[in-house]
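Every read-out reported here was derived from the displayed coordinates using simple, explicitly stated rules and does not represent laboratory data. These figures come from a predicted structure and were not determined experimentally. Neighbour counts are summed over all protein chains in view; Cβ atoms, including those assigned to glycine, are modelled from backbone coordinates with ideal geometry.
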Amino acid sequence: MGYEPLYLAYLVYFNRDRDYFECHEVLEELWLAKDRDPLYKALLQVAVGLYHFRNGNVRGGTLMLENAHRVLREYPDRTLGIDMGKLVRETGVYTLRLERYAEEPFAYYDLTLEITDPELARAVEAAAGQIEPNQQQQRGPRPPRPKRHK
């Protein structure tokens, strides 16, 4: 099975660079080319959810990961060459933790998309050699801004 170059780029940006903004950019293009396939939208939402939470937007992260989890759990455990079952479990846990964030805050952490198809692993490795590494984005939620007094 051949994999779409945009999907390969998504996996490189997700697992190697942790650049969830670029994940959104490349997968949105593929999602549109694939007639707005809900699977690609859900994978896009995983990246966007992590991006939001990493940048201090707990509500945005919760909404994106919750939507992604709801869609992804409808797919087989091995889908598009990745361990979808693992991703479903991890997004479910992340969503629950984010829903309780006000009472039980926790530090941001990345997820990794586990590649299960050896052909996909080779293709991602080849694609990674063609994609310039991006600088990692901000790690962890930003501290609250000081309140301005009038």
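Numerical summary
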{"quantity": "Between helix 20-33 and the chain: long-axis angle, C-alpha atoms, 0 to 90°, nearest 10", "calculated": "50"}
{"quantity": "For the chain: rounded, prolate or oblate by the Cα gyration tensor [a/c cutoff 1.5]", "calculated": "prolate"}
{"quantity": "Helix 58-72 axis, angle to the chain major axis (alpha carbon atoms, nearest 10°)", "calculated": "30"}
{"quantity": "Options Met84, Pro105, Pro38, ranked by Cα towards positive dipole end of the chain, top entry (Cβ charges)", "calculated": "Pro105"}
{"quantity": "Helix 38-54 axis, angle to the chain major axis (alpha carbon atoms, nearest 10°)", "calculated": "40"}
{"quantity": "The chain - mean residue ellipticity at 222 nm from DSSP helices (-39,500 (n - 2.57) per run, n ≥ 4, rounded to 500)", "calculated": "-17500 deg cm²/dmol"}
{"quantity": "Protection proxy ranking of 98-110, 42-54 - average other beta-carbon atoms within 10 Å, highest first", "calculated": "42-54, 98-110"}
{"quantity": "Computed lengthening from Glu132 to Arg97, 0.36 nm per intervening residue step minus Cα-Cα distance", "calculated": "9.2 nm"}
{"quantity": "Charge dipole (debye, nearest 20) of the chain; +1 at Cβ of Lys and Arg, -1 at Cβ of Asp and Glu", "calculated": "1060"}
{"quantity": "Spacing of the two label points (7 Å from each Cα toward its C-beta) at Glu104 and Asp77, in nm", "calculated": "2.6"}
{"quantity": "Local electrostatic count, Thr95, Cβ distance below 13 Å [Lys/Arg +1, Asp/Glu -1]", "calculated": "+3"}
{"quantity": "Förster-model FRET efficiency, 35 Å R0, Leu32 and Arg89, C-beta, rounded to 0.05", "calculated": "0.75"}
{"quantity": "Under 5 Å, built H, 5+ apart or other chain: amide partners of Ile82", "calculated": "Thr116"}
